[in-house]
Amino acid sequence: MNIKNNYSLRAYTVLTISLLIGLTLSGNVAAHGGATGIVKERMEVMDGIGKNMKSMKEMIQGKKPFDASKIAESANAIKQASENITDLFPHGSMQKPTEALPEIWQKWDDFSAIVGQLVTETGKLSEIAQGGEKKPITRQFAKVGKVCSSCHTDYRKKKKKN
């Protein structure tokens, strides 16, 4: 290989790596619309909770193989993340692109109670899942889903349908 081809190969490699890094970073920015600070942190926590919920839902619905131990792990991960949710909502943290509604701070006691329910219900789900039986796991998963839904209904901006 001559020097010119070697240089071209290196330039192509650097360009490719740069594009891949740029696409990766822009994907993260697009996912959170350029969120920073505490807003970005809570969006990432909520994304993690959502991914865990989706994983459990797919197993319960039979879209993925049912694995009670994975459900217990996911429920426990949500429980641990939920224990700090209220810390992610300091008063007035409404910087765009937050999905939080001002009602969170106007009805703080209710919001905090829902967060407490999420901690409790995911803790129960984790315990029930250790038993391995699908039916009680499914019932408890539904309770967790209702808690999530109640919070989203009252305290999160409605998502626009495409």
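What follows is calculated from the coordinates using simple rules that are stated; it is not laboratory data. What you see is a predicted model; the values in this text were computed from it and never measured. Cβ sites come from the backbone with ideal geometry, for glycine too, and all protein chains shown count toward neighbours.
Measuring from label point to label point, each 7 Å out along Cα→Cβ, what is the ALA113 to ARG139 span in nm?
Here the answer is 2.5 nm between the modelled labels.
Using modelled backbone amide H atoms (1.01 Å from N, in-plane), which distant-in-sequence or interchain residues come within less than 5 Å of ALA100's amide H?
LYS157
Take the residue pairs LYS54/LYS107; LYS107/LYS146; LYS51/LYS79; LYS124/LYS158; LYS96/LYS159; LYS134/LYS158 and return only those whose Cα atoms are more than 21 Å apart.
LYS54/LYS107; LYS124/LYS158; LYS134/LYS158
Using the eigenvalues of the Cα gyration tensor, what equivalent ellipsoid semi-axes result for segment 36-155 when each is taken as the square root of five times the eigenvalue, whole Å, largest first? Please list the in-between numbers first.
Values: eigenvalues 152, 39, 26 Å².
After scaling each eigenvalue by five and taking roots: 28, 14, 11 Å.
Give me the dipole magnitude in Debye, nearest 20, for segment 88-145 about the Cα centre, with unit charges on the beta carbon: positive for Lys and Arg, negative for Asp and Glu.
Details: 7 positive and 7 negative charges, 52 e Å.
For segment 88-145, the charge dipole is close to 260 debye.
Using a simple spin-label model with points 7 Å from Cα along the Cα→Cβ vector, what separation in nm is obtained for THR153 and LYS64?
If labels sit at THR153 and LYS64, their model points lie 2.7 nm apart.
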